[in-house]
Structures are given as C-alpha cells and as structure tokens.
Amino acid sequence: MQRPNILWIYCDELRTDALGCYGNSQTEIETPAIDSLAADGVVFENCYVNSPVCVPSRTSALTGLAPERTGVYGNEAVSPRFPMPARSTFPEVLAVGGYSTASFGKEHIPRALQPWQHHDPAGGSMRDVLRAVDDRARMDLLSSPTGGVIGGTFPSHLRYPPSAVVDNLLSWVAGARRPFLARASLLQPHTPVVPPAAFAGAYADRPWPRQPGTGDGLSTFEQRFGTLSWSDGMTPENFARAHACYYGMVSWIDGEVRRLLEGLQELGADRELVIVLTSDHGRYLGEIGAFGKHTFAPIVHRVPLIVCRPGSRQAERRSDLVQGLDLARTMLGFGGVDAPDGFEGRDVFAGSVPDRIFSTIGFGERESFAYPNLRIGRWEGGRGWPRRACVRTRRYRLDRTVRIDGAVARPSEWDVFLADTSGDPAEVTNLADDPAHRAVRDELLAAVDERSRDSVEHPARLVYGQDLWFRRIRARLSQRTSVDEEAM
C-alpha cells in the first residue's frame, strides 16, 4: 500500500476555544477550514502538552521524550551554550525510512536538535512582521501601562510576512520526492498578536471580558504568575480589543489552512494525505490578569489536536488522555516506520491508553525567572522561579513545586494544587487540603515524586538574556533605540 504524505500544521499559543469545532463559552467562533478537517477526522478532546512553554513542548513533540529525559525545562535551552546532547527526532527517523522532510516557519528548539532535511524559517518570527513596517506606530500597537506589548494591527497595504510559510511549503511540495512530511509551523497567534487589518476587527463587536479575572483559590504559583501580567491598568476597551485581536488572528490562520488544502489539491498532493493540526501550548487571555502561558491551567495546558487520515473521512471525537510527545510515535505510525526504543508515549491509533500523563515547566535554579527573556519574575523573598510538575488523570489534575534554587523542594515549598475536573472543568478550586480528597492527593503526589526522581539536570550554568525581539518592540514603543537581531 502506498505510504501517505503527511502535512503537520503547528501553531503557537492556539487555545482550543479559538476553534469552532471545540466551542467557545463566550461567542461563536468561525473557523470553517479547520472545522472541515474536524468534520472529516478525529478531534481529540483531552490533549495536553508536556510543558506549557515553547521550547520544551516542541522538544518533546520532536523527540518523543519528556522534559525530565532531555533536561529541557524552559526557553533558556535555545542558548548556544546550553549543554544538551544530540537527540534523535521523529522527522529524522522518517527520513531514514524513506520520507522527504521539510519544515517552514518557526522552529525554536535547542541547537543540538537537527530534525529536518530542509528548513526554511521565513515568516516564522516576529522579526519578519516588524521589519516589514518602517514606522511601527502604523501598527497601532496595543500595550499595557506596564510596558507589555499584547497586540496590534498590521497595515492593510503591506504584504503580511507570515504568509511566506504556506507559500514556501507549497513551492517545496511541488518538487518534493514522495512520500513527504511537510510542516507549516506558524508563529501565530503568539503574543504580541498582530493580525492583518482585514482580520483585526473580525470579532470586535463580540461580548469579550473588559477586565481581568482573579486567581483567588489557585496555587500561589499560579496567582503569583498572574501578578506578573501586563494587563494592569488596561482600559476596558483595550482589554476587550486584546481578545478581538487574538480571535481575529485565528481567522487569518484558518484562511492559511484553506490555502494549504487548496494548494495541495492543485498539486495532486492531497491524495493519500494525513493532516495533523495542533499547537505547542495555549495561553491566557487575562483570566487571572495574565497574557502568557507557563501554568497548567486548562486554557494553557490543553491544546487542539485534529487528525485526518486517508480512507477514514468521518467525524470522531475522542476523550482519552493524549500528550504532546505522543506525536512522535503517532507520526512514525502513519509512515509505517518503527519508533526507536527510547521514545516515550504511544501511537494514539495503536497504543494503549495511559491512566495518567505528566508535564513540567521551569529549571528551578537560583538564576531562574518566570520570564527569563526579560529577566522578570522572581519567587517570594527574591528566590529563583521554581520548577513545577503536573500529573493528570481522566478526572484529576495535581501540580506542585518540585525544585527551587537548584535543590529539590521541601514539603513546605510544594504549594500543592489539586482539581477535580469532573465538577470543575475550569480548574479553579483547590482541593489539596480537602480531607475527602486526601487519598487522591497522596497517590498523585507519589506519582510526581517518582517521575521527578531521576530528572536530567544539566550542570552548566544556564545563559539568561533578554529575547531581543521583546527588546525591539519595547524600544520601538519608547522610540529610544533599535535592535537588529532577535531570538524567537
């Protein structure tokens, strides 16, 4: 039987409630192209990433390994001095098995990883958006009084640089040897959200929240992250506009998905084609005052996963637990290629369903910050930002601090959070001290202990520095200076 081509559509900071096929509690979301994939494929309701931040999540998806096995716990791992050894990735295994592999757009992984035979980053960085506009004021940037840049509008008369991702992918497919694995890795709808003008107002008239929510009752970790927010002092109009920009940006993404599908059809590459759409994590839209990720709240931790397979064009919704690193074995399964023994996870169409999955965020060193790129966010008493680990079952979520200031956290530092998702789907009620949930709490704490016991710890000091694209945006707002390069 002919082996299928594989199209992987990979977004950044895409929430499940941004897609019509997953539903939104506040308004109807229109994503017709993506919804058509859902109508012809499998929609996974409970897919969670292995780390709620870009670099470790993307590393897990490519390597089939959890952060505890790679030592990649945060975005600091993109530093050229980060001491991660080379690891095998599933695109490399597919290439050995006869696939042509290429990625277009954002990468954002440790330098030790070299997954692709061909990689074109054009259109995958905020740099591309900024450089297209000589006068940044014309972007009508949306920023908070505390200096955080949240969104804006890209001028209508200019070509939108992120469109290069789909353009270049289709150009490559036209000449690619079959079978192929092609990834459209879209930076969008990552913060700052700057949609083209035609999309910026698409949801402007919807009943969006006009002020931040509170984190009362959550863990100290999640509440403290909320206090680092850039939403302080935002006007109700700007708070609502931030939502409109985000969902308008997703409308642009949906249009790019439609362009991809139509382009592949014109090339005759839509036959025997597997399509996978997912994200590296979700994000907050002010629910605890935050516009970021970094926690295990479901709007951050849970991501869309839609899979269309040849010969199986019918809608199916699955509620079993899926984790980001399952992508590696699943992709190899599509290609009929055996996974290396070291890969964790399962092929979601062949492997047995786990009773629990894990996720981890943060290095937990003395030098750690919640936002290491900006050197913002210290723990209580000026300590380093902690490492946090999470375990999920079909019913419960438990997370706690496992490392702080370079040492294993003591019980007094755990800051345990336990949610019963069956009655609390938003996961805002902490049952950690509820006597009726003591047995569940202890069982899941033991699971976290076991998972964390043999974690990889890199001995070299991590290199912390500002992400230069953040510096550039902030500088442009103040009109004081400029920066030529930035790291995404």
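Please treat every number below as a calculation from the coordinates, not as lab data. Given the structure is predicted, the values throughout are model-derived calculations rather than measurements. Backbone-built Cβ (ideal geometry, glycine too); neighbour counts: all protein chains shown.
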Amide H contacts under 5 Å for H119, placed H, 5+ residues apart: S103
20 Å cut-off, amide nitrogen to a point 7 angstrom out along S422 Cα→Cβ, residues in the range 259-300: 298
³J(HN,Hα) computed for each position of the range 126-133 - Karplus, 6.51 cos²θ - 1.76 cosθ + 1.60, integer Hz, glycine/proline x: 4, 3, 5, 5, 5, 6, 6, 10
Distance (nanometres) between label positions extended 7 Å along Cα→Cβ at R453 and A132: 5.2
q = 0.12 Å⁻¹, the range 326-382: log10 I(q)/I(0) [Debye, one scatterer per Cα]: -0.53
Length added when fully stretched, D140-R383, from 0.36 nm per residue minus Cα-Cα: 83.8 nm
Volume of the Cα convex hull of the range 42-111, divided per residue and given in Å³: 123
Chymotrypsin sites (Phe, Trp or Tyr not before Pro) within the range 320-378, DSSP loop, no more than 15 other Cβ atoms inside 10 Å: F349
Hz values of 3J(HN,Hα) by residue in the range 10-18 - Karplus curve (6.51, -1.76, 1.60), Gly and Pro given as x: 10, 9, 10, 6, 8, 7, 5, 6, 8
Label-point separation in nm, R395 to T220, each point 7 Å along Cα→Cβ: 3.0
Zone of R210's modelled label, taken as backbone nitrogen in the range 232-262 under 11 Å from a point 7 Å along Cα→Cβ: 236-240
Fully extended contour minus Cα-Cα distance, from H118 to E262, at 0.36 nm per residue: 49.6 nm
Radius ratio Rg over Rh of the range 209-314, counting only Cα atoms, Kirkwood formula for Rh: 1.13
Rel. contact order, % - alpha carbon contacts under 8 angstrom, at least six apart, the chain: 23
The chain: DSSP helices with Cα axial extent of at least 27 Å and average Kyte-Doolittle hydropathy no lower than -0.5: 236-266
For the range 201-323: relative contact order, % (alpha-carbon pairs under 8 angstrom, 6 or more apart): 30
Ranked list, fewest to most other Cβ atoms within 10 Å of each Cβ, for M234, M249: M234, M249
Projected area averaged over orientations for the range 141-235, convex hull of C-alpha atoms, nm²: 10.0
Footprinting exposure proxy for C390, C308 (fewest neighbouring C-beta atoms within 10 Å first): C308, C390
Coarse-grained scattering of the range 343-470 at q = 0.09, 0.19, 0.22 Å⁻¹, given as base-10 log I(q)/I(0) from a Debye sum over alpha-carbon atoms: -0.32, -1.12, -1.25
Residue order, fewest to most beta carbons within 10 Å, for M139, M331: M139, M331
Calculated over the range 389-453: convex hull of Cα atoms, volume per residue (Å³): 84
Positive minus negative residues near Q314 (Lys, Arg vs Asp, Glu; Cβ under 15 Å): +1
Amide H contacts under 5 Å for Y396, placed H, 5+ residues apart: T421
Amide H within-cut-off set for G151, under 5 Å, with H built and near neighbours excluded: L142, V193
Alpha-carbon centroid distance for the pair the range 45-103 / the range 406-452, whole angstrom: 27
As computed over the range 1-127, the Cα convex hull volume per residue (Å³): 157
Cα-derived Rg to Rh of the range 269-338, Kirkwood definition: 1.07
FRET efficiency, 1/(1 + (r/R0)^6) with R0 30 Å, evaluated for S171 and A197 via beta carbons: 0.70
Size of the range 232-377 as Cα extents on the principal axes (Å, biggest first): 53, 39, 27
For the range 1-68, projected area of the alpha-carbon convex hull averaged over all directions, nm²: 6.5
